[in-house]
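Step one of this worksheet: look at the structure below.
The values are calculated or read from the model by the stated rules, or taken from the named source; none is laboratory data. Here the structure is a predicted model, which is why all the values come from computation and not from measurement. When we count neighbours, we look across all protein chains shown, and the Cβ atoms used for this are built from the backbone with ideal geometry, even at glycine. In case anyone asks, the SASA skips ligands and DNA or RNA and just uses the protein heavy atoms, side chains included. Shrake-Rupley method; radii C 1.70, N 1.55, O 1.52, S 1.80 Å.
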Amino acid sequence: MFFSQLSRGGAPAPPGPLAGKKLWLPPMSDAPARALAAVFRSLGVDAECTPRSDARTRELGARHTNGDECYPTKVTMGDYLKVLERPGTDPRKTAFLMATGQGPCRFGQYLPYLRSVLETLGYRDVTLLSPSFENGYSDLGENSTHFVRSGWRAIVSSDILRKLLLKARPYEAIPGAADAVHEECVRDLCRVLECNHGGYGAQMERLRECLLRAHGLFRMLPRRNGYVRPLIGIVGEIFCRLNTFSNEDLVRRLEEAGAEVWMNDISEWIWYTNSEASRMFRLQGSRYSKTALAS
Ligand code: SF4
């Protein structure tokens, strides 16, 4: 396994399909995507989030979708095509992470659709990595257990940092202070996640320390006391809810207008997709797929 490879002192070999490639992750939500990229780096993968979405994202996305797709398709497509048009990008050394899952929506169509657009544009050599519960995360070979465990910890930890930010920012006495602390905590989290700690127990202890540091930093932020804001809950579609480019920074706008905001997070969606996959397996007379059990 991954940790035993590292404990022998060597850097882990990147999982087969990613050897010698740069893996790009779509930043549905900035901090969780960066934390997940750090987990991939701990596996020896050269991983990074796609550059910030912009007008070119929308232009490229619109050019290769027809409007029937949901908006997240357009944004993700645009961000990935933007990477490919960067000077010096070699499709043979490029991989995109495209999660997939079962559920009552078009999310499961993203992967085949992206594949078909890339083929049409002549980017057949780009690798699409799609670890999922259904295939037991088998794309990652022997590193699948490390990916699942550390990836889950990365998501939960970054969700906690978002909650701390949402509680602190509306009441900050110094404009920008909560964002600065959040950024410092995300960097701290990424440093913890991309290191080898010699085992999952030690990794958990470092993560616990990291989150306690974050809690302490947020608590030290100067607050405007005696100031109560109406609390607004944000629910709805996960990508547009979390992606600040897609929702035009809705949370910050509400805060600027005098509200405190609370929103459900990414962990909830992962619970949902996993329970939905389990439900499908049960309908087929089993509890897990063979590949999921093997990982
Ligand atoms: S829930 Fe999200 S991914 Fe699914 S169809 Fe709607 S916008 Fe697309």
task = Would you please give the residues with an amide H less than 5 Å from that of L128, counting only those at least 5 places away or on a separate chain, with H modeled from the backbone geometry?
result = F96
task = Give the carbon-plus-sulfur fraction of the accessible surface of the range 227-278 in %, rounded to a whole number; probe 1.4 Å, heavy atoms of protein chains only.
result = 61
The range 193-295 shape via C-alpha gyration tensor axes, a/c threshold 1.5 = oblate
inquiry  = Run through the range 166-243 and list the trypsin sites (Lys or Arg not before Pro) located in a DSSP loop whose Cβ has at most 15 other Cβ atoms within 10 Å.
reply    = R224
remark   = So for the range 116-215, using the alpha carbon gyration tensor with a ≥ b ≥ c as root eigenvalues (a/c under 1.5 gives rounded; past that, a/b versus b/c decides prolate or oblate), I'd call it oblate
request  = Please compute the Cα-Cα pair-distance distribution of the chain with 10 Å bins starting at 0, giving whole percents from short to long.
outcome  = 6, 25, 33, 25, 9, 1, 0
task = Using a Förster distance of 45 angstrom, determine the FRET efficiency expected from the C-beta separation of R252 and R282, and round it to 0.05.
result = 0.60
query = Counting only protein heavy atoms and using a 1.4 Å probe, what share of the accessible area of the range 171-210 belongs to carbon plus sulfur, as a whole percent?
reply = 55
query = Taking only DSSP H segments of four or more residues, each worth -39500 (n - 2.57), what value at 222 nm results for the chain once the sum is divided by all its residues, to the nearest 500 deg cm²/dmol?
reply = -16000 deg cm²/dmol
ask   = When the label point is put 7 Å from the Cα of E268 along its Cα-to-beta-carbon vector, which residues of the range 165-188 have a backbone N closer than 17 Å?
value = 165-167
The range 110-127 - phi-based ³J(HN,Hα) in whole Hz, Karplus 6.51/-1.76/1.60, Gly and Pro as x = 4, 4, x, 5, 4, 4, 5, 5, 4, 5, 4, 7, x, 9, 5, 7, 6, 8
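What number comes out for accessible area per residue over the chain if the probe is 1.4 Å? Units Å², please.
Using a 1.4 Å probe on heavy atoms only, each residue of the chain averages 50 Å².
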